[in-house]
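The numbers here are math on the coordinates, done by the rules we state, and not lab data. No experiment lies behind these values; they were computed from the predicted model shown. Positions of Cβ are backbone-derived with ideal geometry, glycine not excepted, and every protein chain shown enters the neighbour counts.
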Amino acid sequence: MRKWNVVALCLAFGFIASPIVTAQSNDDLRREVEQLKRDLKTVMNQNQRVLADNAELRATTEDSSLEERVNALAESLDYAAGTTVNSVANPVTLSGEFRARSGYSHNRNFNDDDDEGTYTDARFRVGMTFDFSRDVTAHFEMQANGLYNNGDTPASNGNLSDIDLYQGWILMRNLFGRKELSSKTGRQEIVLGNEFIFGDNDFFSGETFDATHWLWSSDNFDVHLIFAKLGAANDAAFSTRNHPYTPAGNGNRSGGFDDDEMYSLYFTLKSIENHTLDLFWVYMNGDNLGTAVGTQGNAITPGKAVYHTVGLSLRGMFGVAAGLDYALNFAYQFGDFDSATTANGLPEDVKGLALEAEVGITFNADNNFRVFLRFLWSEGRDGNDSGYIPLFMETHSNEGYRARYGLMDIIPVANVITLQGGLHFDPNADWTIGATVIWATTDEDVVIAGQNEDKLGWEIDLFAEYRYSAETTLGAGVGIFLPDDATPTIGGGVAGRDDDIAWLFYLQSRGLSADQARLM
């Protein structure tokens, strides 16, 4: 390449210099030609050296010994041991929740002088969701829930060292080539409607079912078919009596084919604009349903029972102000208790009604200022009729129904009539502030010191939440309870004629990942 450059340079020089050469003397021309030769020789020598250097470099890079030296050097390096993670699922999603709540409670059990002090409890969940394909997803989730009590000494119920499987299920969509049909099998949360029948108890330790949940979902309606096995506290191990053989340590039970189960058919009509109608049937069949159903603070008569719950839920929105919303829930129960385990020793029917109605109006869409009224009637025991047995109602939630029936969880949802009013609003995008007032009485009188009593009392609740980030919320709540004679105590009794005010204050921090894997 350099040779051709030299030649081109010479030619160019010749064309330019030719007129001048003609006019010059022969001596001048000879001197210039000699100088040109010397310059050309210098350029040729430089070009030769460059070619020699290139050849040496080429020979060095083509030498196989260089590759061998590089490989030897790499092998001499002290590499750390590596880990390869292979997964047939893509993506794999991590999810979870942390919640720590510290509070101070005073006179919660009324007649007990020692019933006051501080507490801190917590809930921690960690889960992984595996998308094996567009139509197959699996999820498992571990949970620790309990009180702060100086580590794991001793490890017992209510201790944060007790880590359990909270959820573990597989979801299959597009079954039999139908995009409407899916099924979820395993331990799972079931949340339907406005949680009057099925809720997840998220303010406390959660609520899951070991179940198979089939769903047909179309544009106009959903149909849920649920089959769940239920556990009871009087078994030596969780649901051991459902094994086909009698397990060891199962008390005086003589067989393993004892049914503890729930079936449900839950229909949702979605074709009415701005309104939703649910129709439901729930069948309960169990040995010790007193420990398997009912919400916190609402123990029912334990014993073998077979009964049905049928009803409806209607909710929607009208275009009044920024939105006039309503919800109506109605349920009727019928069935039988085992005569050997009823409270009075006589044959007893499961029979009861429950009605919940709520109406609210949002005045301002910018700050979500809303006021509401809510009414609940849950029929109590009447003779040999059991009254209404609450199933898995959400009574107190982190969102939505923050104080559906009180922050203090004193007011029951069995044998009760309540009237509640409240409001909440967002003073800015990061804050929500709310307040409720609840009055409650029993549906059927309770006997105290030989006299019939029905007054449960009043509760006033205040709460505030600060959204620190998209995942983390800080909250606080104050509950004040004005008891009356029939106010229930923690031990299952009643307050009697104790008019001491009970109150509760708590602070809470809660973080929740964006995906909690409730996919149906």
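Placing a pseudo-label 7 Å from each Cα along the Cα-to-Cβ vector at Asn364 and His106 gives an inter-label distance of 3.4 nm.
Give me the net charge of Ala429's neighbourhood, meaning all other residues with Cβ under 11 Å from the Cβ of Ala429; Lys, Arg count +1, Asp, Glu -1.
-2
Counting pairwise Cα distances across segment 159-210, what percent come out greater than 18 angstrom? The proportion of pairs with Cα distances above 18 Å equals 48 percent. Here the Karplus relation 6.51 cos²θ - 1.76 cosθ + 1.60, evaluated at θ = phi - 60°, turns the backbone of segment 314-329 into coupling constants of 10, 8, x, 9, 10, x, 10, 6, 8, x, 9, 10, 8, 8, 9, 10 Hz, with x for every Gly and Pro.
Rounded to the nearest 0.05, what FRET efficiency is calculated for Glu471 and Thr118 with R0 set to 25 Å and r the Cβ-Cβ distance? Computed FRET efficiency for Glu471 and Thr118: 0.40.
Do any trypsin sites (Lys or Arg not before Pro) in segment 164-218 lie in a loop, going by DSSP, with at most 11 other beta-carbon atoms within 10 Å of their beta carbon, and if so which? Each step should come with its number before you reach the end.
Details: sites: Arg173, Arg178, Lys179, Lys184, Arg187; in loops: Arg173, Arg178, Lys179.
In loop regions of segment 164-218 (DSSP not H, G, I, E or B), the sparsely surrounded trypsin sites (Lys or Arg not before Pro) are Arg178, Lys179.
Put simply, the amide H of Gly352, placed in the peptide plane, has neighbours under 5 Å in Gln333, leaving out anything fewer than 5 places away on its chain.
The GluC sites (Glu not before Pro) found in segment 120-214 that occupy coil by DSSP, while having at most 15 further C-beta atoms within 10 Å, are Glu180. Straight-line cross-link reach from Lys229 at under 18 Å between alpha-carbon atoms covers these lysines, not counting any fewer than eight positions away in the same chain: Lys184, Lys304. Derived value for segment 126-229: Kirkwood hydrodynamic radius 15.6 Å. Basis is the mean of 1/r over every pair of different alpha-carbon atoms.
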